[in-house]
Amino acid sequence: ECLRSASGTEYRGFQSHTISGKSCVSWISHKGILLDEPGEKQNYCRNPGGVGVIPWCFISENTDIWEYCPIPSCQKICSLNDDGSDFLGNLDVSMSGKTCQAWPLVDKARPKFPKSTFPHGKDEHNFCRNPGSSQSKTWCYINSTSLDYEHC
């Protein structure tokens, strides 16, 4: 999932968490916000009418409290392989908005991936990767002391 335009008005993905990790609430509880497609009553991030800088969502029922969502630009997540094993972008947040941990810092407690399984090596970065096609899509560790990981 990614934004094809800078404002993300075309985004119709399934992201339902904000940058701070809060869950989005249903759009139906907010009268006066018109979404472009019928059936858009879920809690997915959107940018109706381009009113925000990027897609956003309400985080509280029946109030106007909202936050932006962590949806990367398609230019940042380009991959030729379906599983993202060749991804070399700089996306560093998980689907739920958690910051990825740096690969070298977490290696001591994690399964070892040979350097060759990273398409560009394990440099000092925390970018989403899918080393050795170990998952169905790119992922990262989200906790430096455990094996917790999330897809990106």
Exercise. Restricting attention to segment 42-71, which residues are open to solvent by less than 70 Å² (accessible area, probe 1.4 Å) and either of a type in the set (Gly, Ala, Ser) or out of contact with any strand residue (DSSP E or B) (no Cβ under 8 Å at 6 or more places or on another chain) (or both)?
Worked result: Pro48, Gly50, Gly52, Ser60, Thr63
For this session: Determine, yes or no, whether Pro119 is surrounded by 13 or more Cβ atoms within 10 Å (Cβ to Cβ) and either aliphatic (A, V, I, L, M) or modelled with pLDDT of 80 or more (or both).
Result: no
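Rundown of residues vs (1) open to solvent by less than 50 Å² (accessible area, probe 1.4 Å); (2) modelled with pLDDT of 85 or more, yes/no style:
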{"residue": "Ser7", "(1), (2)": "yes, yes"}
{"residue": "Ser23", "(1), (2)": "no, yes"}
{"residue": "Ile28", "(1), (2)": "no, no"}
{"residue": "Pro38", "(1), (2)": "no, no"}
{"residue": "Ser73", "(1), (2)": "yes, no"}
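Could you grab me the full set of residues in segment 9-21 that are open to solvent by 20 Å² or more (accessible area, probe 1.4 Å) and either farther than 27 Å from Asp82 by Cβ or in contact (Cβ under 8 Å) with a residue 12 or more places away in the chain (or both)? Reasoning before the result, please.
Just the residues of segment 9-21 that are open to solvent by 20 Å² or more (accessible area, probe 1.4 Å), to begin with: 9-10, 12, 14, 16-17, 19-21.
Passing the criteria: Thr9, Arg12, Phe14, Ser16, His17, Ile19, Ser20, Gly21.
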Exercise. Out of all the residues in segment 3-19, which are touching a strand residue (DSSP E or B) at 6+ places or on another chain (Cβ under 6 Å) and part of a loop (DSSP other than H, G, I, E, B)?
Worked result: Tyr11, Thr18, Ile19
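The values are calculated or read from the model by the stated rules, or taken from the named source; none is laboratory data. Keep in mind it's a predicted model, so treat the numbers as computed, not measured. Here the Cβ is made from the backbone with ideal geometry for all residues, glycine too, and neighbour counts use every protein chain on show. All accessible areas refer to the heavy atoms of the entire protein, side chains included, with ligands and DNA or RNA removed. Shrake-Rupley method; radii C 1.70, N 1.55, O 1.52, S 1.80 Å.
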